[in-house]
Structure formats: C-alpha cells, structure tokens
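Input: a single structure, listed below in structure tokens.
The values are calculated or read from the model by the stated rules, or taken from the named source; none is laboratory data. Model, not experiment: these values are computed from the prediction. Counting neighbours? That spans all protein chains shown, and the Cβs are built from the backbone with ideal geometry, glycine included.
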Amino acid sequence: MPDLIRRLHPTDPGSTEWPGPTEWIVANGLGGYATGLVAGGPIRRYHGWLVAALPPPLGRTMLFNHLEETVLAPGGHRLALGGEVLKLAEFRLEDGLPVWRFEGGGVVVERRLAMPWRRNETHLLWQILAGGDGDAGIELRPWLQPRPHGTPVDAPLPGPPRVAAEGGRVEIALGAMPPLRLALEGEAPSLDLGAGDRREWYYANEDDGGDPARGPLWSPGTLSVRFAGGAAALVASAEDSSSSTAATFAAERARRRALVARAHPALHDGAAAELVLAADAFVVTPRHRPDHDGDAARSIIAGYHWFTDWGRDTMISLEGLTLLTGRADEAAPILRSFAGHVRDGLIPNMFPDGAEQGLYNTADATLWFFHAVGRCVALTGDRALLTELLPVLSDIIEHHRRGTRFGIAVDPADGLLRQGADGLQLTWMDAKVGDWVVTPRRGKAVEINALWYNALALMAEWLEAAGDAAGAARAGADAARVRDSFNRRFWAPALGHLYDVVDGEGGDDATLRPNQLFALSLPNPVLEPAHWPAVAAAVRDRLLTPVGLRSLAPGHPDYKPRYVGDQWGRDGAYHQGTVWAWLIGPFIDAWLRAYPDDAEGARAVLSAMLPELDRFAVGTLGEVFDADPPHTPRGCIAQAWSVAEWLRAWVRAAEAQPG
C-alpha cells in the first residue's frame with residue numbers, strides 16, 4: 001500500500017506564517033491523545049503532548065503541556081525549533097502520524113510523533129537530516145501543569161513537585177496528581193535539574209471563548225541527548241514502563257496500514273483512506289467502563305477534545321466507524337455495552353469523564369440504538385447478537401409505549417411519540433446554558449417519530465424471524481399507525497416540506513430544519529415516496545453548504561450566521577443556523593432516495609468537503625462551521641459522526657454508481 005501523505009506549507013515560501021490556526025491530533029485508543037497547533041505552542045486548555053486516559057476516579061488527565069526544543073548544532077550553535085533560524089518549513093501526515101520539518105542555518109531536522117495503541121504514552125522522535133556532522137544533539141525543557149481534563153488553565157499548580165532522576169529517566173509528580181515519566185533515547189543522555197522554574201502561559205483560544213486565558217507552568221529543568229545515528233527520542237508516559245520508540249513507530253505504521261486494507265474497497269485510497277485513519281481515533285476501550293460478559297468494553301468518543309462517549313453519537317457513528325472500516329468485531333461489544341446500561345427503556349445520553357454511570361436525558365439515543373443494531377445485523381449477519389439483544393429491545397419498546405422518563409411516551413390518540421420535560425433538551429438539538437434550553441422542541445418532533453417508526457418496523461421483522469407472531473403483528477400494527485399519522489400530521493403542502501414539531505408548546509412548528517431528512521433517509525422511511533423529492537429539494541436549496549447542512553434556514557428570526565463568543569453566544573447559535581458536518585450523511589441518503597440515478601451529484605457534494613482536511617485539524621473533519629461563508633470551522637477539531645457519516649455516505653454513493 002502506498003504511503004498516505006498530506007502536506008502543508010507556510011502561506012509564502014520562507015515565511016513563518018501558517019494558515020490556521022490549524023491543529024493536529026493523535027489518539028491512543030483509550031480516549032487519551034496528544035494535540036496542538038501545527039505551528040506554535042498551546043492555545044487551548046486541551047493542547048499538550050500527553051493527555052492520559054486514567055481509570056476512575058481520575059479520568060482523562062493533562063500530564064505534559066508544553067516542550068521547548070533546542071538543537072545543539074556543531075560549532076556550539078543553539079537553534080530553537082520553530083525559531084528565527086530553524087523555521088518550520090513543512091508539516092505532513094504520513095499514514096495519519098504527524099511530521100514537522102524544520103530548516104535553517106544549514107540544518108534540517110524532522111520531528112515525528114506516535115502513541116502506542118492503548119497505552120498512555122507519547123513518543124517524540126527527532127532526526128537530523130542535514131547539518132549534523134560532528135557532535136549534534138537536542139536540549140528539551142518540559143513545562144507542566146497537570147490537571148483534570150477540561151479544567152480551566154488558571155487552576156493553580158497542584159502542589160509541591162517531587163522529582164526522581166536516574167540516567168536518562170526522570171519521574172515528575174506535582175501534588176497528588178499522577179506522575180509523568182520521561183525517558184531519553186540517544187547518546188549521552190543528561191539531566192540538568194534544579195529547584196524548578198515557573199512561568200505564565202497565554203492560551204489565546206480560551207480568551208476568544210471568554211474563559212480564563214493565563215495559567216501557570218512549571219519546569220524541572222532541561223534534558224539533553226546526542227543524536228545516535230542521526231536520531232534522538234523522548235518518551236513521555238503515564239505507564240510504569242515504556243516501549244522503545246523504534247518499535248512504537250513500526251507497530252503504529254503497520255497497524256494503520258492494516259486498518260486501511262481492512263476497510264470497504266471504496267475507502268482504500270485518497271482522502272477516503274485518510275478518513276479511515278481519522279476514524280481510528282474515536283473507537284476506544286474506555287478506562288471508566290467495566291468489561292461486559294467477557295468482552296472488553298468498547299465505545300466511541302464523540303469528539304476531541306472535550307466530548308466523552310455519547311449514546312446518540314455512538315449509535316449514529318457505529319456504521320461508518322466500525323462496520324465499513326473492517327472493525328465489525330468492535331461493533332457488537334459497543335452495542336452489548338450500551339445494552340447493559342439500559343434503564344427504564346433508555347440508553348445513556350452520555351458518560352461523564354471518569355464516571356462509570358451514565359446520564360439518561362435523551363429521547364433519540366435509544367431509538368438510534370435500534371438503527372445501529374439493525375445496521376450491524378444487516379452488514380454482519382450476526383443473528384446471535386440480535387437474539388441476545390432482543391429481550392432488551394422488546395423492553396425498550398414497552399417502556400416507550402406506556403411512557404418513561406422525561407415525558408417520553410406514545411400518544412394513544414395517534415400513536416406518535418412525544419417527549420419533553422421542563423429544563424431539559426432531549427433531541428440532538430440539545431444546547432442549554434444555565435436554565436435556558438435554546439431549542440426545546442417539546443412535543444412530537446419529526447426525527448423522533450421517523451426513528452420510532454424505523455424501530456417499530458425493525459422490531460416487527462425481528463420478532464417475526466424469532467417466531468413471535470403476536471409480537472411481530474403488534475409492532476407492525478403500531479408502525480402502520482405511526483406511518484399514517486405521520487404523513488397526515490407532518491406533511492405541510494403549503495410549505496412543500498415537513499413540520500419540525502407537531503403538537504408542540506406553540507402548536508405546529510413550520511421551521512425549516514434538517515431534522516425532516518430522517519423521514520426519508522432511514523432504512524425504513526416513514527414519509528410517503530411522493531413527498532421525497534420536495535423535502536430533499538427544500539433542504540438542498542436552503543440548508544446545504546459545501547461543509548454540511550445548516551441547522552436552521554437563513555431568514556428565520558433566530559438565525560445566527562456565526563458560532564462565536566462566550567458559552568451563551570456559542571450555544572445560542574449551536575442549532576440556530578450553525579452548519580453540522582455529520583448531516584451530510586442523511587442528506588446523501590435522502591437525495592439518493594429521491595434521485596437514485598444521481599450518484600455523481602452525491603459524490604460531488606461529498607468531495608466539496610475534502611478541503612477541510614487541511615483547514616481545522618489536519619486529516620480529519622471537525623464538528624461545526626459558521627452558517628454563513630466562509631463557513632469557518634468551529635467546535636471540536638475532530639468529530640466522530642462527521643467522519644463516520646462522510647465515510648458511510650461515500651460508500652453509499654459508490655454503491656449507487658452505475659457499473
């Protein structure tokens with residue numbers, strides 16, 4: 001397989017200005033990661049060389065924040081990486097792993113980074129490619145502010161430092177925080193450690209969001225090592241022992257190439273293959289969840305940097321991240337894990353960082369669970385999994401029929417599913433600031449009922465196959481009633497599209513939103529085929545952008561063109577116009593349902609998103625974008641369902657292509 005390489009360069013040759021702020025991220029399969037700016041020091045509370053995913057009650061923890069690097073060139077020259085002389089000339093991803101190339105003063109140095117899979121460990125490798133004749137080396141100065149994941153940067157240093165050093169190894173602990181272990185690889189490693197130094201760091205992105213932007217850092221001193229065979233390395237670890245850097249890079253390159261080789265044939269090259277590697281970051285073995293009946297716990301991180309595993313995001317992402325990437329063996333454990341957490345007919349909305357128990361405030365995640373099970377069984381033929389989960393699925397249906405938490409219940413008058421509770425946001429449009437629920441959508445929401453119909457249709461099929469004729473007949477009758485009521489209540493002829501909510505707090509809501517796509521995009525579409533072209537066209541004309549779909553049509557009084565400001569400003573815009581990349585998946589499904597011969601058009605829509613692989617976080621897709629051009633990327637730099645739905649839609653378009 002040829003190398004997958006993506007290159008970025010400064011805006012002008014010889015310039016130190018880079019497009020951006022562009023970021024990079026590498027994950028470790030546990031939910032931990034390393035991340036930062038392509039060019040420059042940390043600007044977010046989440047930027048660091050090692051964010052470790054630790055067992056409860058710690059959860060993810062920032063252990064290694066910042067590093068100063070100085071090349072000790074022959075002749076006594078000291079050249080700071082990224083400084084005035086040794087400038088960053090190129091950044092690239094090789095099979096998804098970052099490489100920085102620095103040039104200047106006759107010296108060329110490359111820095112590489114990898115994380116061993118399922119270890120809380122980062123390996124940094126420096127290779128001197130020119131100007132290294134003689135006694136060259138590198139001096140490293142680590143800066144630390146260990147803190148729980150997401151803690152504001154103005155948190156005080158956690159306590160007095162404890163430093164233990166031996167040879168080329170040093171262990172550093174501040175207060176009660178877990179220790180960071182550093183190990184040098186190369187010739188003549190040496191440590192120059194003293195009482196330690198403090199400094200203050202400014203995090204510009206935190207300032208932009210209205211959060212504390214200045215915080216303390218502490219350094220134990222410097223670590224130096226000479227290049228051996230033109231290379232030197234630093235291993236930063238939260239583990240008791242570390243693997244060698246050479247072995248780590250070889251294993252990671254081989255593992256990543258195997259991932260691409262296992263994926264669906266439509267995903268074997270180009271940007272699609274790069275996004276297969278991006279998908280790898282989200283499929284995790286969570287440290288905060290117990291194994292389930294012999295299966296190692298599996299889950300999906302919703303987004304980096306700040307999201308944990310969310311039920312809704314996991315179920316939507318499952319097909320694109322696992323089933324189409326050759327990782328079906330990880331799909332079933334994910335489904336079993338969530339099935340083991342069902343309470344009162346609901347799967348968790350999310351698991352807080354470091355917590356073993358979830359929060360359940362969601363009306364749609366459980367219905368997406370049916371969809372995920374359906375796709376898993378359809379693509380893998382795993383009937384044993386279905387047999388195992390069928391009692392749980394039947395119990396969920398019964399809870400919805402008679403009513404469960406948060407006002408989730410079938411209306412006996414029409415069979416439609418309603419939801420809503422004061423102070424809660426239960427659909428995917430779930431922004432809330434303080435007591436303000438931005439888009440409550442209480443009543444009978446369009447996508448909730450499309451998902452409810454899909455779940456009932458799947459249950460009718462599954463119960464029939466299991467020999468439960470009575471149960472299948474009841475589920476089928478319920479589905480038929482939902483379909484009849486849905487088409488009578490949600491189709492608005494005068495609008496040419498569907499209502500977003502019926503029987504809501506203010507009556508029927510005619511707002512044009514993307515939620516109506518699910519009425520024709522799901523495997524069992526509830527909407528009559530006669531209306532498919534009109535709905536698809538309405539969404540295309542008002543909501544489609546080159547980077548995804550707007551959450552609200554321009555011209556609406558609540559439309560927000562930009563996702564900026566403090567939490568009130570951002571969350572107030574989150575579903576009021578802001579573009580969501582993940583919605584490209586249901587749009588492609590709906591478009592190909594309405595226009596099955598337009599696979600070329602579907603591929604063009606998906607291809608328009610690919611420049612984003614250079615713009616926010618290199619090689620992946622972010623969460624949201626401003627509603628108006630130039631559609632600046634915002635939110636999480638890497639989002640599970642954005643990547644998953646692009647991959648799934650690309651395969652869908654490939655399979656729809658004639659010949």
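Among the residues making up the range 1-50, those that are charged (D, E, K, R) and farther than 16 Å from Ala89 by Cβ are Asp3, Glu23, Arg44, Arg45. Taking the condition in contact with a helix residue (DSSP H, G or I) (Cβ under 8 Å, 6 or more places away or on another chain), of a type in the set (D, E, K, R) and modelled with pLDDT under 95, does Asp293 pass? Taking the combined requirement at face value, the residue satisfies it. Looking at Phe369, Phe351, just one residue is in contact with an Asp or Glu (Cβ under 6 Å, 6 or more places away or on another chain) and closer than 28 Å to Ala328 by Cβ, and that residue is Phe351.
Note on the range 563-622: residues that are basic (Lys, Arg) and on the phi > 0 side of the Ramachandran plot total 0.
Do we find that Ala599 is more than 30 Å from Lys432 (Cα to Cα) and free of Cβ contacts under 8 Å to residues at least 40 places away in the same chain in this structure? No. Looking at the range 204-227, I want the residues that are more than 30 Å from Gln127 (Cα to Cα) and have a partner that is among the aromatic types (Phe, Trp, Tyr) and surrounded by 16 or more Cβ atoms within 10 Å (Cβ to Cβ) with Cβ atoms under 8 Å, at least 6 apart or on another chain. Which pairs are those? Listed by first residue and then by second, the contacts come to Ala213/Tyr203; Arg214/Trp201; Arg214/Tyr203; Gly215/Trp201; Gly215/Tyr203; Pro216/Trp201.
If the condition is being over 14 Å from Pro586 (Cβ atoms) and in contact (Cβ under 8 Å) with a residue 12 or more places away in the chain, then the range 539-549 contributes Arg542, Thr545, Pro546, Val547.
Screening the candidates Gly270, Gly230 for the property of being without any contact (Cβ under 8 Å) to a residue 60 or more places away in the chain and over 30 Å from Trp568 (Cα atoms) yields one hit, Gly270. Counting only strands (runs of 3 or more DSSP E) that sit wholly inside the range 133-240, those with at least 3 residues that are modelled with pLDDT of 95 or more and crowded, with 19+ Cβ neighbours inside 10 Å are 137-143, 169-174, 180-185, 214-226, 231-237. Looking only at residues in the range 377-420 that are of a type in the set (Asp, Glu) and over 28 Å from the mean Cα position of the chain (by Cα), which one is surrounded by the fewest Cβ atoms within 10 Å (Cβ to Cβ)? Looking at the filtered set, the residue picked out is Glu398.
Looking across Ala254, Ala246, one residue alone is within 28 Å of the chain's Cα centre (by Cα) and either over 22 Å from Ala165 (Cβ atoms) or at pLDDT 95 or above (or both). It is Ala254.
For the range 405-434, a residue qualifies if it is assigned to a loop (DSSP other than H, G, I, E, B) and in contact with a helix residue (DSSP H, G or I) (Cβ under 8 Å, 6 or more places away or on another chain), and the qualifying residues are Ile408, Asp414, Gly415, Leu416, Gly420, Ala421, Leu424, Leu426, Thr427, Trp428, Met429, Ala431. No other residue among Tyr559, Tyr574 is over 20 Å from the mean Cα position of the chain (by Cα) and closer than 23 Å to Val446 by Cβ apart from Tyr559.
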